[in-house]
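The values are calculated or read from the model by the stated rules, or taken from the named source; none is laboratory data. Keep in mind that this is a model prediction, so the values were computed, not measured. Don't worry about glycine lacking a Cβ; one is built from the backbone with ideal geometry, like all the others, and counts go over all protein chains shown.
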Amino acid sequence: MRGALRIVARRCASAVPTILVVALAAFALLEAAPGDAVDAYLAQVGGDAGFAAELRARLGLADSLPGRLAAFLGRLASLDLGMSAALARPVVDVIAERLPNTLLLMAGAAGVAAGLGVAIGLLSGARPGGARDALLSTGALALLAMPNFWLALVLVLIFAVQLGWFPTGGIRTIGGAPPGGAALDALRHLVLPSIALGAGYAAMFARTLRAGMVEAWSADHVRAAHARGLRRRAIVWRAVARPALVPVLVLLGQHVGTLVGGSVVVETVFAVPGMGRLAFEAVTGRDALLLAGILLCATCVVLVANLLVDLALARLDPRIGQSDG
Amino acid sequence: MLAAAGARGQAPRRGGTLFVAADGEPRNLNPALVASNGVFFVASKVIEPLAEMSRDGDGLSPRLATSWSGAADGRSATFRLREGVSWHDGRPFGSGDVAFSALEVWRKLQNLGRAVFRDLEAVETPDPATAIFRFSAPTPFQLLRNALPALTSVLPRHLYEGTDIVANPANRTLVGTGPFRFAEHRPGEYYRLERNPAYREAGRPYLDSIVYRVLPDRAAVAAALEANQVQLSAFSAVPLADLARIAAVPGIVVIPQGYEGITYQLVVEVNHRRRELADSRVRRAIAHAIDPRFVVDAIFLGHARASNGPVPRWDAQFHAADVATPGFDPARANALLDEAGLPRGAGGMRLRLRILPAPWFEQTRQMGDYLRQALRAVGIDAQVVANDSAAHTRAVYTTHDFDLAIGSPVYRNDPGISTAILYESGLPAGVPFSNQYGYASAEMDALLGRAARSIDAAERSALYRDFQRLAARDLPIIHVAEFSFLTVARDSLRNVAGNPRWATSHWDDAWLAG
């Protein structure tokens, strides 16, 4: 327990500089890109020079670079991100709308990745080199090689267009939930995007778990367990799989960030209004405040997810959290 | 399986929700502030203009105005307005709304109206059904007439007067007089419009509601149509390359009509600040290097026409049919480049150019790739520079950091609205979709000036025909093709494409068969 507390404290302390660096990076990236929020807007609607000047003044883009940076940092310090230039709405409102969709999709994808990945990994790693292992390993490799936009479209064509089991996109049935209620409706909308986003990670987890188990089979303690006459099933679980799960959890923690970012494509194909698509809109709209808000939010999600992973690791392997700090 | 538009001899059915694919959400949904097709696609069902384009009669059909006339001196225009119309909040519509919209919104704030209504001085409202526009300088009535469909969306004065119009909450939750009321917007998901029960025409609109689902992925649009989860996609949302497959799906029709009044032009924009490109022989050589038929067949898969200049062929009012296109002639191009003092050097190349294709359409991007190959054949080594919207707008229209650009200007029913500005000189940097090309011709400026002030329709049309001839002679920008769009719909949706700008019009007669 003391170890867990130490992990929490350490993570929180390191979050502040991380967040500052991320915010500055967001500002610098958009400054480095040619064109500003007004250029992005005028590309859609046109307008004369006076119109552009008025809009720049209104959006606070008419100031010098130091002036804009100061205003940006001031907003961050006061924890008020103000108005999004691209969407003409408060940044906080926009993020509050989108974050739950992304968290749901991430949870769904992580569920698919962990569930399917561990299942495949266990079945392969239980008897490495067997026929079942060969089949599953090949399958996992194929899954890993599939680009997720392609998988997303194939899933839509088969399960939404041909079979009609799931909707083609969106996050709810528009015009009121069908029989079964809103929760079931949301779940039906979540299935295909979660698989599309999670399948590649499932394959990665399966391969990592299998590799760990293959290594464990030749370890002394496993051979000792054999010698003691323990049943194979018990050996697989207690001696082989459990230590092999540690790198899988570490991998999960490492990939939470890519789950947030990698969802752009899947969110686009499935028309899920989430943070990935929003980040894309913020960049194309040269919207520094919105992008900073998204990155801050994503940073917090990653930090929390890593914290949870560390806590889980501490349970799996009590040595973690004791030694360092 | 191209289907004709229109009803098929059945009586319209009341009711139902039409699901429409939308590719994005405009930042500002108010069509009186932002006259653009992306805005009209949703907003034109709620907020109405004074008149709509029509295939019959004189090309216009009444909306909020029932008749219109201009004074001979070009100093005034009189509009008779429809009576007994109410706003969606129940307040009566009247000439005060038109006067307020014209003076405070179209003239001062609208992206296109700021030019067309520049000289509007006052709007008199002798009674609630009459609005008389007074101009400080002669303003061609022909121009006003042609501007009615796109530039005259009327806002409710009682919600806007005395407020910051640009930031007014009614720009999100529109209040209009049209057949549908604005019901709901869930950002990132959908807009929902519902039937206006107080609409002036009995029994209409037929649909109970229209839902625009935001579908940013074009392949997903095709899937949603196939699964009947949307019944309509407009503005070629389904990629041209997918059309043949999707048109073969039973229950789906491809409708090319309904965009005649919304023509885009594929052009090569030329930076005259680059010494070699200031020579009209070099520009002509570039035009000769381009095969418009290849562009139409390979890039647009046949859904476009070769262009002969800045006015599209459908516009009988202004199009100069006698203007010849340069024509695909690489031998002539090579000869012109030799003549211009640009011999082939090492590797057979004469000069290096940067091409910036606008990212708006897949066709503008593809044209960039094609132009690079076409120029290589005549000894011009071109590099394609891919930018996103903001970077492209900045590079071409503000910093002029390009040699050639691929653009797609919209022709808006009159050369005076957004076409002449592509040729006028003396504009400040930073005005998008204008002559930022460094082309400056006293002859062109004088001609455009005369046309802008001409209050006689026949004379004005003749001047704009001269303008096309001069544009063909100088070739400051190179017109390659004119294109519009396709609608892909379920055949249960009826009365599609009933006017030349159908996708951006009212839809009060659209209905869903059971």
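Assorted remarks:
- Sole exception among (1) under 23 Å from B:Asp414 (Cα atoms); (2) in contact with a strand residue (DSSP E or B) (Cβ under 8 Å, 6 or more places away or on another chain); (3) surrounded by fewer than 21 Cβ atoms within 10 Å (Cβ to Cβ) for B:Arg82, by number: (1)
- Unmet criterion (only one of (1) away from every other protein chain (no Cβ under 11 Å); (2) within 23 Å of the chain's Cα centre (by Cα); (3) assigned to a loop (DSSP other than H, G, I, E, B)) for B:Ala429: (1)
- Set B:Ala43, B:Ala21, B:Ala32: member being over 18 Å from the mean Cα position of the chain (by Cα) and either surrounded by 23 or more Cβ atoms within 10 Å (Cβ to Cβ) or not aromatic (Phe, Trp, Tyr) (or both): B:Ala21
- Qualifying positions in segment B:355-399 - in contact with a Ser or Thr (Cβ under 9 Å, 6 or more places away or on another chain) and within 14 Å of chain A (Cβ to nearest Cβ): B:Pro357, B:Ala358, B:Pro359, B:Trp360, B:Phe361, B:Thr364, B:Asn387, B:Asp388, B:Ser389, B:Ala390, B:Tyr397
- Candidates B:Ile262, B:Ile210, B:Ile252, B:Ile290, filtered to the one that is at pLDDT 95 or above and closer than 30 Å to B:Gly438 by Cα: B:Ile290
- Of all residues making up segment A:27-61, the number that are facing another protein chain (nearest Cβ under 7 Å), small (Gly, Ala, Ser) and surrounded by fewer than 20 Cβ atoms within 10 Å (Cβ to Cβ): 2
- If the condition is being in a helix (DSSP H, G or I), touching a Leu at 6+ places or on another chain (Cβ under 8 Å) and either among the acidic types (Asp, Glu) or touching a residue at least 24 places away in the same chain (Cβ under 8 Å) (or both), then segment B:99-150 contributes B:Phe100, B:Ser101, B:Ala102, B:Val105, B:Trp106, B:Gly113, B:Val116, B:Arg145, B:Ala147, B:Leu148, B:Pro149, B:Ala150.
- Any hit, segment B:211-232, residues being of a type in the set (Phe, Trp, Tyr), crowded, with 20+ Cβ neighbours inside 10 Å, away from every other protein chain (no Cβ under 14 Å) and closer than 19 Å to B:Val496 by Cα: no
- Summed over segment B:367-420, residues that are outside any helix (DSSP H, G or I) and touching a residue at least 60 places away in the same chain (Cβ under 8 Å) total 18.
- The residue of segment B:273-299 that is nearest to the chain's Cα centre (by Cα), among those that are surrounded by fewer than 20 Cβ atoms within 10 Å (Cβ to Cβ) and in a loop (DSSP other than H, G, I, E, B), is B:Asp291.
- For A:Ala96, the conditions (1) more than 24 Å from the chain's Cα centre (by Cα); (2) exposed (fewer than 14 other Cβ atoms within 10 Å of the Cβ) are fulfilled apart from (1).
- Residue in segment A:153-173 that is of a type in the set (Phe, Trp, Tyr), farther than 30 Å from A:Gly125 by Cβ and more than 9 Å from chain B (Cβ to nearest Cβ) present: yes
To keep it simple, each residue is scored yes or no on (1) in contact (Cβ under 8 Å) with a residue 24 or more places away in the chain; (2) over 27 Å from A:Glu54 (Cα atoms); (3) in a helix (DSSP H, G or I).
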{"site": "B:Gly162", "(1), (2), (3)": "no, no, no"}
{"site": "B:Val166", "(1), (2), (3)": "yes, no, yes"}
{"site": "B:Gly178", "(1), (2), (3)": "yes, yes, no"}
{"site": "B:Arg181", "(1), (2), (3)": "yes, yes, no"}
{"site": "B:Arg192", "(1), (2), (3)": "no, yes, no"}
{"site": "B:Ala198", "(1), (2), (3)": "yes, yes, no"}
{"site": "B:Ala202", "(1), (2), (3)": "no, yes, no"}
{"site": "B:Pro205", "(1), (2), (3)": "yes, yes, no"}
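- A count restricted to segment B:237-246 and to residues that are in contact with a Leu (Cβ under 8 Å, 6 or more places away or on another chain) and either closer than 20 Å to A:Phe270 by Cβ or modelled with pLDDT of 90 or more (or both) stands at 3.
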